[in-house]
Structures are given as C-alpha cells and as structure tokens.
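J.: What follows is a structure written as structure tokens; I'll ask about it next.
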Amino acid sequence: HLAFYEGSYPFQRLNVVRADGGDRRVLTPAVDFQIYRSRVLWSPDGRYIAFYQPFNPPFSNQEVIALVNVNTAETQVLTRPGFYDALSWAPNSQQLVFASGPQAGQQTVFRLNLVDQEFTTLTSQPLQNVLESQWSPTGDWVAFTATQPDDVLGTQVLYQVRPDGTELTSLTSINEYVYPFTWIPAPLAPEPQGLTEAP
C-alpha cells in the first residue's frame, strides 16, 4: 500500500491505495480537513500513520501530533497544541520521538510511549532547530540533529541518546554542519572467523 495527501492546498485529505491502484480509501474524509506540513509517517507494523495536524486553522499556526488507524480510519490526537518537529517511529511501532518548543528555538526532544501515554524527556537542555530524528534499527538509540542554543550560525550537530534519556552524546562538533543523516538499515553481522577464500 501507499499513503498520500490529495487535494488543493491546504485542503488535503490523507488517502491509502494498493500498489496496483485498487482499494483506494480516504482516511481523513472531512471536506474541510487541512494539512500544512504534508508528512506521512507510516508505523513499521503498518497499522498507523502519524502526522502533524493543524490546530484550529486558520486562527492558529499551532499543530498537534495525531495518529490515524489505517484499517478503521479512526484518528487519535496525541499531544497538546504546540510546535513540533523531528517526528519518528520506533522499530516496535509502540513509541514516537519528536521535538517540541517555540518555533524560534528552545526545543526539547521527547519520547512518547503509545502503550501507557507516558512522555520521557531525552534532552537535558533546550536546543534549537531540531530538524530530524531517527531510531536505530535495533531501537536502542535515537539520533537527531540540532543547533546548540548559543550558536548564532545555526550549525546542525549530530546527537545520539538512549530511549530512556541517558547517554546523551554529541557525535560531531559545532565546527561541522551535519544534515541529513541515516542509520545503517540492519546491524552488521560479525565477520566469519577462520574462513579462507576458495582458490
């Protein structure tokens, strides 16, 4: 299946369709449904799509993070109205990571456990311009890029942190601009020992 937004901006509705063009369905059927940032983030297990949904448009420029069930089209709002960035799914489809804070800066990275609706703070001090987050394929790290609060040049630094908020580490310096980035898709297998190439 594929998911996509269709319509005349900003009145766009979320659709899904099979790869052969069949079984097309509208998941957000309201005719006045609006989307300003058309991100489609399908959960790894294929059950949900996460997206940024405008809050009270056009009277507010805030958003909420929402989920829609692909099978039932039921939509669930996960956060209070605010400003959000760097949304990403955990490999187990039970957690999300995102940055929240004022548009101009002072963002904090959070993990949301969808099972118990608990939020965990992953960054110990506010950051600016958190552009992207990605979970490692094994789910034991979250990487993201952000700008340090006192950096007037807006340099993107690469960080990693455990999902429980421990071991927050910068992997690059403020002298390097890092964006974008990606994890290797799967853990490297150990190299075989004691084998020789065939003649």
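J.: For the range 1-51, what does the relative contact order come out to in percent, with C-alpha contacts under 8 Å and a separation of six or more? Numbers along the way, then the final one.
T.: Working: 80 pairs, mean separation 14.4, N = 51.
For the range 1-51, the relative contact order is 28 percent.
J.: May I ask you to derive the relative contact order of the range 59-128, considering only C-alpha pairs under 8 Å and at least 6 residues apart, and to give it as an integer percent? Numbers along the way, then the final one.
T.: Details: 122 pairs, mean separation 13.8, N = 70.
Result for the range 59-128 is 20 percent.
J.: Under a no-solvent Debye model with one identical scatterer per Cα of the range 1-57, what's log10 I(q)/I(0) at q = 0.23, 0.25, 0.30 Å⁻¹?
T.: Reported log10 I(q)/I(0), two decimals: -0.95, -1.08, -1.33.
J.: Let me check something: with ligands and nucleic acids excluded, how do 147, 166 order by accessible area (1.4 Å probe), largest to smallest? Could you put the intermediate results ahead of the total?
T.: Values: 147 0, 166 60 Å².
Accessible-area ranking of 147, 166, largest first: 166, 147.
J.: Express in whole angstrom the spacing between the alpha-carbon centres of the range 55-75 and the range 112-180.
T.: Here the answer is 25 Å between Cα centres.
J.: Moving to a separate point now. If you take Rg and Dmax of the Cα atoms in Å from the coordinates, which of (1) 19.7, 65; (2) 15.1, 45; (3) 19.2, 73 do you get?
T.: (3)
J.: Same structure again: Which of the peptides 29-40, 134-145 is most tightly packed, and how do the rest follow, judged by the mean count of other Cβ atoms within 10 Å per residue?
T.: On the way: 29-40: 13.3, 134-145: 17.8.
Highest-to-lowest ranking by the protection proxy: 134-145, 29-40.
J.: Quick check for you: with a 1.4 Å probe and neighbouring chains kept, what is the accessible area per residue of the chain, in Å²? Spell out each step's value before the answer.
T.: Numbers: 11300 Å² over 199 residues.
Roughly 57 Å² per residue, with all protein chains present.
J.: Continuing with this model, one more query. Rounded to a whole number, what % of the accessible area of the chain do carbon and sulfur atoms account for, probe 1.4 Å? Intermediate results must be reported in sequence, preceding the final value.
T.: Numbers: 5900 of 11300 Å².
Of the solvent-accessible surface of the chain, carbon and sulfur hold 52 percent.
J.: Sticking with this structure for a sec: Ignoring the sites themselves, what is the longest stretch of the chain with no GluC sites (Glu not before Pro) in a DSSP loop and at most 12 other beta-carbon atoms within 10 Å?
T.: Numbers: sites that count: 74, 167, 176, 197.
In short, 75-166.
J.: Principal axis extents for the range 63-121, Cα atoms only, whole Å, descending order, please.
T.: 37, 21, 17
J.: Another one. Viscosity 0.692 mPa s, temperature 37 °C: what is the translational diffusion coefficient of the range 1-104 from Stokes-Einstein with a Kirkwood Rh over Cα pairs, rounded to a whole number of µm²/s? Could the numbers behind the result be given before it?
T.: Numbers: Rh = 14.2 Å.
Rounded, D is 231 µm²/s.
J.: Related question: So if I restrict to the alpha-carbon atoms in the range 93-156, what is the Rg, and what is Dmax, the biggest pairwise distance, in Å?
T.: Cα-based Rg and Dmax for the range 93-156 come out at 12.4, 39 Å.
The values are calculated or read from the model by the stated rules, or taken from the named source; none is laboratory data. Because the structure is predicted, anything quoted here is derived from the model rather than measured. In this analysis, Cβ positions are derived from the backbone assuming ideal geometry, glycine residues included, and neighbour counts consider all displayed protein chains. What goes into the accessible areas is simple: the full protein's heavy atoms, side chains included, and nothing from ligands, DNA or RNA. Shrake-Rupley method; radii C 1.70, N 1.55, O 1.52, S 1.80 Å.
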